[in-house]
Each structure stands twice: as C-alpha cells, then as structure tokens.
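Note sheet for the following structure.
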Amino acid sequence: MAPTPQLAWIGLGNMGRGMCKNLVEKGNLDKPLILYNRTKKRSDDLAASLGADKTKVVDTINDAVKSADIIFMCLGDDAAVNSAVDTILQEDVKGKVVVDASTVHPDTTNALEKRVTAKGAEFVGMPVFGAPAMADAGSLICVLAGAGSSVAKVKPFTKGVMGRADIDYSDQPAGNATLLKVIGNTFILNMNEVLSEGHVLAEKSGLGTQNLHSWIEAMFPGPYTAYSNRMLAGDYYKRDDPLFHVDLARKDARHAMAIAEKAGASVPALKVADAHLAQVKEHLGDKGDIPSIYGAVRKESGLKFENQD
C-alpha cells in the first residue's frame, strides 16, 4: 500500500477538533496528524484525547507546513485565513496542497487560490456544512472546488472520513465552494428566523410552542427539529460556548448581503435575520448563537428574551 500523505491541521475551533478526530480515527493515516492552534493548550488537549502517537503538536504555522504534504485550515474569518496563508507562503510550498475549510467570502478564496498556485502549490476550497456535533460524528457535507487533480488528493479524507457526502465542484474556481457555503448559510439563518417567528406566534396566539414543535418534528425532521428543540429548551441563551457564534453568523450574513448587492439580488429575509442577530449580540454578547434569534423575536413581541426563568 502506498504511504499516505503527511497531513497538517491549522485551527482547532468547534469544527476543526471534530474533523481532526475523524481524520485520526478513520483516515488510515500512517503518520501522526500535525496540529497547530494559536492557543497551544487546545492542540495539547486534542492530542491527549486522540493519542500522542497519532498526533504531533507544533508551535508555529511554519513548523506545521515544513513537513506537510496537505495543509488543512479551518479558521474563523477572512483576516485569519489571509494571515495564515501569509505565513504558509513563507515556506517552500511547491508540490504541497493547501485546503481551506473556513467560511470566507468567495473573492477571498479565489485570491488565495491565485496566490498559492503562483508559488507552485495546489489549492482547494473545502468549506463544510454541519454543526459541531456533525463534525464530531464525521457526518459533514464537504464542498470541494479547485483543480480536479488537487481535489482528487483531498477526497480520500472527506466522504467516509470527515463527512457523509461530497459536493464536488472539480475544475471550477475554488471560490465556487465558498460561494455555495455563504449562500447555504443564509438558509440556516433564515430557518432560525422562521422558527423563531413561528414559535412566538404559536405562543401568543394560544396554539402553544409544544403543539407547533410536534408538527415541526413530523413535517421537518432534521435541522428544523434540532433548532426548535434548542429554542424550546432554552439552550439559545443558557449555552456559554455557542455552537455558531453570533459574530461568525453576522460575518456570513455580511458576505451574503455583499454578494447579493453586487449581483443585483434581493435578500430581505436575510436582512431581518441579521438585524435580529445584532440584537442578540447586544443582549447576550459572546454567548450569542444563531438560535438566539428566538430571544430577539420574543423581545420584539413583548415577551421576555429568555423563555424560562
């Protein structure tokens, strides 16, 4: 059997940790997975849970890149990704593959593809759809775009390892993957807006939130039901570590609205959801999450932000 490439991972947030777990457990790696995170304790903690023989913690991005064949990134925003790539390109990257799993503006992705390939490396845009629990379970949906030969080098680690399905945009600009991701995330934002409005209407009209939830479970099993459960359980304001931080949600909304404006498309529902997220940030600060939209809609409707005392 041919040896597997040396993998490195940069960025161990809520999504990155689960993705690394599945690379180690199901990726058939014959070399330790190289881990780098700005806060080193997070790398150390993950390495301890996965096994010291299966991971290698490094102190800098440069150290991660030097011996890696494929370098994955999963970072919070465009500035963080650009900064990481600035550092990656300080090294000799000829023949290496840089894979970005972050959610950024497609213009950022396309610019990165040009910068990386100009240095003799390959680049794949690979954002993913799914919550942290799905990352942990290896059931993400991976979107891959870039040169077909480059995508082929990454696919052994997507479906069946980090994800349950691939959306393959081989030989399309890498930014098409993040364009889909940004547009796709508007569905998540709007879904939470619709659920929030529905539950508030059910409560105030006398139907009751549990009666509405029973219908949601029967009609829309999956994400609708999961977010409905989080709203009714009060998770949307009780959680100290948000699964989809309000700042990241608003970043995605800004990207989508900018894309829409440039394309001449109307996105009124997204603007409503983003305005509610602004209220979430004001009320909950860093505890704000996407389903916290429910609290904002409740407050606008004369109810308490929190649905439980």
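Quick look at the numbers
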| quantity | calculated |
| --- | --- |
| Strands (runs of 3 or more DSSP E) fully within the range 35-127 counting 2 or more residues that are open to solvent by less than 20 Å² (accessible area, probe 1.4 Å) | 70-73, 97-100, 122-125 |
| Residue pairs meeting the criteria (Cβ under 7 Å; at least 6 apart or on separate chains; first within 10 Å of Val280 (Cβ to Cβ) and open to solvent by less than 60 Å² (accessible area, probe 1.4 Å), in the range 233-249; second in a helix (DSSP H, G or I) and among the polar types (S, T, N, Q)) | Tyr236/Ser292; Tyr237/Ser292; Val246/Ser292 |
| Number of the exception - Gly208 against (1) surrounded by fewer than 17 Cβ atoms within 10 Å (Cβ to Cβ); (2) farther than 21 Å from Thr108 by Cβ; (3) in contact (Cβ under 8 Å) with a residue 12 or more places away in the chain | (3) |
| The range 279-309, subset over 18 Å from Arg239 (Cα atoms) and small (Gly, Ala, Ser), residue least open to solvent (accessible area, probe 1.4 Å) | Ser301 |
| The range 132-179 - residue that is touching a Leu at 6+ places or on another chain (Cβ under 8 Å) and part of a strand (DSSP E or B) and, of those, most open to solvent (accessible area, probe 1.4 Å) | Arg164 |
| Pairs, first in contact (Cβ under 8 Å) with a residue 12 or more places away in the chain and at negative phi in the range 1-24, second open to solvent by less than 20 Å² (accessible area, probe 1.4 Å) and among the basic types (Lys, Arg), C-beta under 7 Å, six or more apart | none |
| Unique match (being acidic (Asp, Glu) and under 25 Å from Phe244 (Cβ atoms)) among Asp78, Asp59, Asp69, Asp44 | Asp78 |
| Where a residue in the range 51-77 is closer than 18 Å to Asp92 by Cβ and its partner, wherever it lies, is assigned to a helix (DSSP H, G or I) and open to solvent by 50 Å² or more (accessible area, probe 1.4 Å), with Cβ under 7 Å and at least six apart | Ile70/Lys153 |
| Residues (within 18 Å of Pro132 (Cβ to Cβ), over 18 Å from the mean Cα position of the chain (by Cα) and not aromatic (Phe, Trp, Tyr)) located in the range 229-259 | Asn229, Arg230, Met231, Ala233, Asp235, Lys238, Arg239, Asp240 |
| Identity of the residue in the range 180-205, of a type in the set (D, E, K, R) and open to solvent by 80 Å² or more (accessible area, probe 1.4 Å), that ends up farthest from Val104 (Cα to Cα) | Lys204 |
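The values are calculated or read from the model by the stated rules, or taken from the named source; none is laboratory data. Please read these numbers as outputs of a predicted model, since none were measured by experiment. FYI the Cβ positions are ideal-geometry reconstructions off the backbone, even for glycines, and counts take in every protein chain you see. All accessible areas refer to the heavy atoms of the entire protein, side chains included, with ligands and DNA or RNA removed. Shrake-Rupley method; radii C 1.70, N 1.55, O 1.52, S 1.80 Å.
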